[in-house]
């Protein structure tokens, strides 16, 4: 004969507290794990920001979620480029990279150092440079003069390290104008249309800095006649001043003039 149903049931200890099952957060969706009780509205905003980030360029700081479900800042494109700047393959050993991070400025500069044994010019100077700003824009510098990338047929901004290498190699291949006559040849000239450059040469203010054929641009090639005229004018002015200083005009009194007229 079967035992009654009541005997089959296990006796329940009234003093024993019910055990609460601990929820496994790994099984919950990522959005649910970011919500916390008591601040649902705020957490919903954070969750929406993570699930639907604002649109922007590659250089915008975005939020991302790590394994613990905590929102973190994703490095910008420039941050990645800044950290990997030294890994760029440069065309020559005279090229070097400088990472500037001071006084609110965070830029990258690739420069070429040149040594010249000439007492009239600087012995050590930067002949070429590629300046990459924090907004990923590119600026070219040739012999201390800034040049727009478009003038040299280069891209105006970069996004990857490969782009940087292409720009640096292109700048290395640029043929720079050698300038006009030597400053030693026309030391007395003071032209308003030219200046002395790092090479100890007179360079026209309208110099294109780059040449496709030859070694001197049209503006700098015209400086010989200009400097010759300026030098001759300077010499003539100095001679004229000396002549005026030597000539003395005698001053006669009125009484003496009257006597001479009798």
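When 89, 203, 74 are sorted by how many other C-beta atoms sit within 10 angstrom of their C-beta, beginning with the fewest, the order is 89, 74, 203.
Counting beta carbons within 10 Å around each of 83, 213 and listing the fewest first gives the order 213, 83. Residues 202, 95 in ascending order of nearby Cβ atoms (within 10 Å, fewest first): 95, 202.
Bear in mind these aren't lab numbers, they're just calculated from the coordinates by the rules spelled out. Note that this is a predicted model, so its numbers are computed, not measured. Backbone-built Cβ (ideal geometry, glycine too); neighbour counts: all protein chains shown.
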